[in-house]
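Note sheet for the following structure.
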Amino acid sequence: MANIIKVLKGTKDILPQDVEKWHFVEENALKVFSSFGVKEIRTPIIESTDLFQRGVGETTDIVNKEMYTFEKSDRSITLRPENTAGVVRSYIENGMHRLPAPVKLWYKGPMFRYERPQAGRQRQFHQVGVEMFGVSQPSADAEIILMAENFLKSIGLDDLDVEINSLGCPKCRAVFKENLKNVIRPYLNDLCEDCQSRFEKNPLRLLDCKVPTCQEIFSKPEIQKVITSDFLCDECREHYIQLKKYLDELNVKYSENKHLVRGLDYYTRTVFEIKSNNLGSQNAVCGGGRYDNLVSELGGEPTPAIGFAMGMERLISLLKEKESSKLDGYIVSNDTTEALKLAQELRLQGLNIEIDLTNKKFTKQLEKASKLAKYAIILGEDEIKENKVSIKDLSNGNQVSAERSECIKWIEK
Ligand code: HAM
């Protein structure tokens, strides 16, 4: 026998028994995002490597270690590790700044990151996300967080924690970074390798390091004093205060987390995550924030923007088990031609119908019907002669005789 080829590490098949949950999540995304006036966009899975280098940032783990990049005809191409950069590219390329603001776009689809696979972390995973362009006011931040929460509630996830923080603008953040480096520098040699290598280029990322010895160092009073300091400039502080007021008015429960810095370079001001206690260490179902400089950094007109993305595998792992939906009818007959014809009639009327294609015994067919369908539609010799069917309700065993043309009425009852 030939060798079996297995699925690649960090990737997964989505099997028929799970796919209904995916449809459920996707349908709710369409419903909830449409209720906020958001339109769907589908961008390519492959993009120029530059897009992510410039968009996501050279100092991030994603760009440094995790991208699937390859050469084709002397071009460097990357499988998208996230979709904010792609949507921004499309916004610019298609002149969407000429549309009335805000331009609100949502997407769903696979993303690729060469990470160490573990529960809740894959190399090919799926995101559903929203990006909103053209509003600098904190009302947009509030609407985006509310939208994320409405969507999560629509799929039955209401036991989640919303965390927010403000990273300020490049100006006020620069001072904060310097202050942070100054208090951490004396402990540099005691920090983990990642923290040491991030110290110069991306010191904010030190704040979300999970290594206990680093966390212990960062809990020292002189370091905490800087981390918890109010470093925001007047405009950034006002933006953050106003966002919190909106969230309070909207009854969105949140906590402030000064250690929330996010792993992508494009954020300005508001960042947020939504976490679950039931996911283990990879507990973020949603991450997002404002990125007011990205559109201009990628060559577009200066345009404020904010958005979020959610990991679909993580959402789906939190959904309650659902009974998989049944066929409307299973035709039980030993006349394959008649069964095929009736199935065709009913399918064209919108019902989901299966038949036995192998002419098994009646009893076997009935057994299968009771597993798969809501109704058994029995088409025996007598029924065929009289142009009738017997319809058996498989939930209670009740059976009726009906005209063949009336079949749909009984099943839809
Ligand atoms: P992110 O935090 O990198 O943000 O990813 C968002 C969500 O995608 C995470 O909270 C998590 O649920 C899921 N996720 C990320 N990596 C993996 C993985 N390896 N396996 C499974 N799930 C994963 C972004 O991607 C930004 N583009 C979000 C955004 C949109 N910010 C503004 N607009």
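Structural remarks
- Scanning segment 373-398 for residues being under 19 Å from Phe362 (Cβ atoms), without any contact (Cβ under 8 Å) to a residue 12 or more places away in the chain and within 46 Å of the chain's Cα centre (by Cα) gives a total of 2.
- Leading residue by the ranking (surrounded by the fewest Cβ atoms within 10 Å (Cβ to Cβ)) among those in segment 107-119 that are assigned to a loop (DSSP other than H, G, I, E, B) and touching an Asp or Glu at 6+ places or on another chain (Cβ under 7 Å): Tyr114
- Lone unmet requirement of (1) touching a helix residue (DSSP H, G or I) at 6+ places or on another chain (Cβ under 7 Å); (2) under 20 Å from Asp382 (Cβ atoms); (3) exposed (fewer than 12 other Cβ atoms within 10 Å of the Cβ) for Ser325: (2)
- Filtered residues of segment 354-390 (kept if assigned to a strand (DSSP E or B) and under 10 Å from Tyr330 (Cα atoms)): Glu354, Ile355, Ala373, Lys374, Tyr375, Ala376, Ile377, Ile378
- Taking segment 1-106 and the helices (runs of 4 or more DSSP H) fully enclosed by it, the elements with 2 or more residues that are in contact (Cβ under 8 Å) with a residue 40 or more places away in the chain, touching a Leu at 6+ places or on another chain (Cβ under 8 Å) and closer than 29 Å to Val261 by Cβ are at 49-55, 84-93.
- Candidates Lys374, Lys385 - the one that is surrounded by fewer than 16 Cβ atoms within 10 Å (Cβ to Cβ) and among the basic types (Lys, Arg): Lys385
Let's see how each residue does on (1) in contact (Cβ under 8 Å) with a residue 60 or more places away in the chain; (2) more than 16 Å from the ligand (Cβ to nearest atom); (3) assigned by TED's automatic domain parsing to the domain that holds Val135; (4) of a type outside the set (Val, Ile, Thr):
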{"position": "Lys244", "(1), (2), (3), (4)": "yes, yes, yes, yes"}
{"position": "Leu247", "(1), (2), (3), (4)": "yes, yes, yes, yes"}
{"position": "Leu250", "(1), (2), (3), (4)": "yes, yes, yes, yes"}
{"position": "Lys253", "(1), (2), (3), (4)": "yes, yes, yes, yes"}
{"position": "Asn257", "(1), (2), (3), (4)": "yes, no, yes, yes"}
{"position": "Asp265", "(1), (2), (3), (4)": "yes, no, yes, yes"}
{"position": "Thr268", "(1), (2), (3), (4)": "yes, no, yes, no"}
{"position": "Phe272", "(1), (2), (3), (4)": "yes, no, yes, yes"}
{"position": "Asn277", "(1), (2), (3), (4)": "yes, no, yes, yes"}
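- Residue within segment 91-106 that is surrounded by fewer than 20 Cβ atoms within 10 Å (Cβ to Cβ), modelled with pLDDT under 95 and away from the ligand (no atom under 15 Å from the Cβ) present: no
- Among residues of segment 291-309, those that are among the aliphatic types (A, V, I, L, M), within 11 Å of the ligand (Cβ to nearest atom) and in contact with a Phe, Trp or Tyr (Cβ under 8 Å, 6 or more places away or on another chain), counted: 3
- Check on Glu178, assigned to a helix (DSSP H, G or I) and surrounded by fewer than 20 Cβ atoms within 10 Å (Cβ to Cβ): yes
- None of Ser281, Ser325 is more than 11 Å from the ligand (Cβ to nearest atom), under 25 Å from Ala29 (Cβ atoms) and touching a residue at least 40 places away in the same chain (Cβ under 8 Å) except Ser325.
- Going through (1) away from the ligand (no atom under 11 Å from the Cβ); (2) in a strand (DSSP E or B); (3) out of contact with any Asp or Glu (no Cβ under 6 Å at 6 or more places or on another chain) one by one, Lys320 falls short only on (2).
The values are calculated or read from the model by the stated rules, or taken from the named source; none is laboratory data. This structure is a prediction, so every number in the text was calculated from the model and none was measured. Glycine also receives a Cβ, built like all others from the backbone with ideal geometry; neighbour counts cover every protein chain displayed.
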